[in-house]
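Engineer: Handing you this structure, nothing more for now.
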Amino acid sequence: MAVSLSPAALRAKERPSPLTTGHATVLRARRLTPGVQRIVFSGADLARLPDEEPGEIITLIWPADDAERPVLPTEGWRYAPGTPDQHWRNYTVRDYVPDGPDGPLLTVDFVLHGDHGRCSRWATHARPGMVLGFAGPRIHFYAESDADWTLLVGDETGLPSIAATLERLPAGHPTLVFVEIADAAERQELSSEADLVLEWVTRDGESAGRSRCLEEAVRAASLPQGTPKVWVAGESLAVRGIREHLKHDRGLPIGPSQAIGYWKHRLTPDDVE
Ligand SMILES: Cc1cc2nc3c(=O)[nH]c(=O)nc-3n(C[C@H](O)[C@H](O)[C@H](O)COP(=O)(O)OP(=O)(O)OC[C@H]3O[C@@H](n4cnc5c(N)ncnc54)[C@H](O)[C@@H]3O)c2cc1C
C-alpha cells in the first residue's frame, strides 16, 4: 500500500527549521511512575510554540560544561563559530498549555534510565529554576482522517507521544495500542475517547532495549480489516523488527516517519537507524 503525505505533513516540510527556539525553566518536577519523571517547564519563550498535532518532537539543549545557559541554534540548526559542544536530545511535547495562570507551560516525561545518560541524570535531580534550551517543535504524528483504524506501538520513550495522541483521537475511532514497560508499576492512566484496545507489555526483568516482548505482542495480535494509521517508536532494533513484520508479514502502509528509533542500545549495530 502506498503512503502519501497528508496536507499537514506537507506544510510541516516547508516551514523553517527549527521553527522556534528559546529557554525554558523548570517549574515543577514529580515522579509520575518509578521510572518516569514528569517535568513542567515555564517561561515566556514557550509562548512561541504552536499547538498543531499531539506528541510533537521538541529538542532540548543542555548547557556546555562551565556555561550557565545553553546557546540556541539559528535557522538551519547552525551555531556561531566557537560555540562549545552542548548536549541535546529529542523529547516529546506530552502537554502544552499556551495561556494558563502560570503563563505558557510545557510538560515533558523523562524516562529515567540510570546515570549513564546526561538527560536521564539531569531529570532525576531536576529542581525548580533550572534552565534548558529548546528548539522546535516538529510534527511526527499526522492524524489521517481517512484511516479506518489506528495502531500505536512504543516503549516507555514512545509512551508520551502515544498518550498525547490518544487524547486527540476522535470518539469511537478503533485504536490498538501496545506499550512496553519494565513492569506493572510503570502503567499510566491514559485518557481517550477512541475505541481503545490497550495492551501493557511487561519486560519483567529483561533489560530495556534487549527484550523482544513488544514485537512478540504485535506478532500475536489479530488486527482489524481496512487501512490503518500506524505509528511505532522505541529502541532502534526493536522498532526495526516491528516495522519489518508489519510491512512484510501484514502488508501495512508504513512511511519512514511512522516507525522511528527513539534511542539505541549500546549493543545495537551502527547500521540500524
Ligand atoms: C523524536 C523523539 C522523541 C523522544 N521523546 C522522548 C520522551 O518524551 N521521553 C523520553 O524519556 N525519551 C524520549 N526520547 C528518547 C531520548 O531522546 C533518548 O532516550 C536519549 O538517548 C536520552 O538521552 P541521555 O542523555 O539520557 O542518554 P544518551 O547519552 O543518549 O545515552 C547514554 C546511554 O543510555 C542508553 N539509553 C538511552 N536512552 C535509554 C532508555 N530510554 N532506556 C535505556 N537506556 C537508554 C543508551 O543506549 C546509551 O548507552 C525521544 C527520542 C526521539 C528521537
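The values are calculated or read from the model by the stated rules, or taken from the named source; none is laboratory data. What you see is a predicted model, and the numbers here were worked out from it, not measured in a lab. In this analysis, Cβ positions are derived from the backbone assuming ideal geometry, glycine residues included, and neighbour counts consider all displayed protein chains. Just the protein is used for accessible areas: all its heavy atoms, side chains included, with ligands, DNA and RNA removed. Shrake-Rupley method; radii C 1.70, N 1.55, O 1.52, S 1.80 Å.
Engineer: Could you check, for region 233-242, whether at least one of its residues is loosely packed, with under 14 Cβ neighbours inside 10 Å and either at pLDDT 95 or above or not in a loop (DSSP other than H, G, I, E, B) (or both)? Break it down stepwise before answering.
Structural biologist: Step one: filter region 233-242 for residues loosely packed, with under 14 Cβ neighbours inside 10 Å, giving none.
No, every residue in region 233-242 fails to be loosely packed, with under 14 Cβ neighbours inside 10 Å and either at pLDDT 95 or above or not in a loop (DSSP other than H, G, I, E, B) (or both).
Engineer: Can you go through PRO70, PRO81, PRO34 and tell me which one is more than 10 Å from the ligand (Cβ to nearest atom), under 26 Å from ILE181 (Cα atoms) and either more than 18 Å from the chain's Cα centre (by Cα) or buried (at least 20 other Cβ atoms within 10 Å of the Cβ) (or both)?
Structural biologist: PRO34
Engineer: Follow-up. Exactly one condition in (1) part of a loop (DSSP other than H, G, I, E, B); (2) over 27 Å from ILE58 (Cβ atoms) is not met by ILE254; state its number.
Structural biologist: Only one criterion in (1) part of a loop (DSSP other than H, G, I, E, B); (2) over 27 Å from ILE58 (Cβ atoms) is unmet by ILE254, namely (2).
Engineer: Which numbered condition trips up GLY133, out of (1) within 20 Å of GLY55 (Cα to Cα); (2) within 15 Å of the ligand (Cβ to nearest atom); (3) open to solvent by 40 Å² or more (accessible area, probe 1.4 Å)?
Structural biologist: Looking at each condition in turn, GLY133 falls short on (3).
Engineer: Name the single residue that is nearest to the ligand (Cβ to nearest atom) among those in region 209-232 being within 19 Å of GLY261 (Cα to Cα) and assigned to a loop (DSSP other than H, G, I, E, B).
Structural biologist: For region 209-232, the residue satisfying everything is GLY209.
Engineer: Can you report the number of residues in region 84-130 which are aromatic (Phe, Trp, Tyr) and more than 11 Å from the ligand (Cβ to nearest atom)?
Structural biologist: Result for region 84-130: 1.
Engineer: Quick one: would you say SER207 is among the polar types (S, T, N, Q) and open to solvent by 30 Å² or more (accessible area, probe 1.4 Å)?
Structural biologist: yes
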